[in-house]
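The next block holds one structure in the form of structure tokens; read it before the comments.
The values are calculated or read from the model by the stated rules, or taken from the named source; none is laboratory data. Predicted model only: the values in this text are computed from it and were never measured. Neighbour counts are summed over all protein chains in view; Cβ atoms, including those assigned to glycine, are modelled from backbone coordinates with ideal geometry.
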Amino acid sequence: MDVRVEGLRVERQGRLVLEIDELTIPGGKISAVLGRNGAGKTTLLRVLSGLLRPSAGRVRLGEMMLWPSPPPSARPSLAFQEPVFLRGTVRDNLELALSLRGVGEAERRTRAEEAARDLEVLHLLDRPARELSRGEGQRVSLARALSLRAPLTLLDEPLGALDAMVRARLLHELPRLLRARGGTAMIVTHDREEAFFLADYFIVLIGGRVRAAGDAGSVLRSPPDVNTAELLGYTVVSLGGTGGAALGVPPGELSLGEGPYGLEMLVERSVDRGSHYQVIGVVAGTRMLARAPIDAPSPAPGERVPVTPGYAVELPAK
């Protein structure tokens, strides 16, 4: 089911921190909310979860109201960035969440163990939940959220506390686990690489407002402005001229050679990467990386060489 947000306003100490006139989070997909610290990401998640009452606005899940009066069948599940556990074992915490949703005893046990297995915490079921490491706690929190099979699953920085190996596995596994349980999912993250792996749909928040929303590929290919492009990892360089237009270049897209934009790099150094040279230098006042063929002499420091992007987006000035 789609989640529809209309006329949403959240004020804090007299300051407007979130303002969304209209937003649809598509049903059956995994959406990522991207933004820097203070952009309003967690505020939006807390409104959707029912933990924060907005100053104004309505939120619907399908035809059911999440605000102002959500029915039990519309209650989302939520994995906090900092896991919260009650006394008792991991199993107790997983089964309590299911019990509060009206799940019977036998089904509670089955679903708790299934989710624990999926999140690689089966061996922790009998351990006191409050004695877990931060990474273990985050996986248990994810298991609890997934075990509920809610129509809307909300995950706040779900992989932030995990070690590198577990995080790499879950970057591939978590989308499968979410889709297998059906419903709609929304992930809040400031890590664009995490969003690229996990999500089908991107929502970009800047200054408490939605700056871009759409299928991940379309948002990545066509950021609407400089701030969004930079958030998505583009390097932005000025094209000069009276219009003040800028050029957004995605990572890895710049190489040596003539091109339509007439860009030139002042080389600082070249690094032999085995298959190619990575050339580091300054383009229109911005430090960038360019790729150069290994079978040609590497550019020397202080040399000026033409560079061109394989893909780039022309952007309006800030």
Those residues of the range 298-315 which are out of contact with any helix residue (DSSP H, G or I) (no Cβ under 7 Å at 6 or more places or on another chain) and under 16 Å from LEU232 (Cα atoms) amount to TYR311, ALA312, GLU314
Those strands (runs of 3 or more DSSP E) completely within the range 213-271 that have 3 or more residues that are within 20 Å of PRO316 (Cα to Cα) and not small (Gly, Ala, Ser) are 235-238
Counted residues in the range 130-144 being farther than 10 Å from PRO83 by Cα and crowded, with 24+ Cβ neighbours inside 10 Å come to 2
The one condition VAL59 fails out of (1) over 30 Å from GLU131 (Cα atoms); (2) surrounded by fewer than 21 Cβ atoms within 10 Å (Cβ to Cβ); (3) touching a strand residue (DSSP E or B) at 6+ places or on another chain (Cβ under 8 Å); (4) of a type outside the set (D, E, K, R) is (2)
Checked pairs for the range 83-101, first closer than 14 Å to ARG139 by Cα, second of a type in the set (D, E, K, R) and surrounded by 17 or more Cβ atoms within 10 Å (Cβ to Cβ), C-beta under 6 Å and 6 or more apart or across chains, list as LEU94/ARG144
Only one of (1) over 26 Å from the mean Cα position of the chain (by Cα); (2) surrounded by fewer than 18 Cβ atoms within 10 Å (Cβ to Cβ); (3) more than 25 Å from THR24 (Cβ to Cβ) does not apply to GLU82, and that is (1)
Counting only residues that are under 16 Å from THR42 (Cα atoms) and under 20 Å from the mean Cα position of the chain (by Cα), the range 1-18 contains a total of 3
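Which of the following residues is among the β-branched types (Val, Ile, Thr), within 20 Å of PRO250 (Cβ to Cβ) and crowded, with 16+ Cβ neighbours inside 10 Å: VAL166, VAL204, VAL188?
Details: VAL166 fails: within 20 Å of PRO250 (Cβ to Cβ); VAL188 fails: within 20 Å of PRO250 (Cβ to Cβ).
None of the others qualify; the one that does is VAL204.
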Of the candidates ALA300, ALA296, ALA290, the one satisfying the condition of being part of a loop (DSSP other than H, G, I, E, B), in contact (Cβ under 8 Å) with a residue 12 or more places away in the chain and not assigned by TED's automatic domain parsing to the domain that holds ILE30 is ALA300
Practice item. State whether one or more residues within the range 165-181 are among the small types (Gly, Ala, Ser) and over 18 Å from LYS29 (Cβ atoms). Key: yes
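Within the range 10-39, work out how many residues are part of a loop (DSSP other than H, G, I, E, B) and either under 18 Å from PRO76 (Cβ atoms) or not assigned by TED's automatic domain parsing to the domain that holds LEU66 (or both). Walk me through how you get there before you give the answer.
The first filter runs over the range 10-39 and keeps only residues part of a loop (DSSP other than H, G, I, E, B), leaving 13-14, 26-29, 35-39.
Add one more test, that the residue is either under 18 Å from PRO76 (Cβ atoms) or not assigned by TED's automatic domain parsing to the domain that holds LEU66 (or both), and what stays is 26-29.
Of the residues in that region, 4 qualify.
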From the option list ALA97, ALA106, single residue qualifying as surrounded by 15 or more Cβ atoms within 10 Å (Cβ to Cβ) and not β-branched (Val, Ile, Thr) is ALA97
Residue count, the range 287-316, condition within 30 Å of ASP225 (Cα to Cα) and surrounded by 13 or more Cβ atoms within 10 Å (Cβ to Cβ), comes to 14
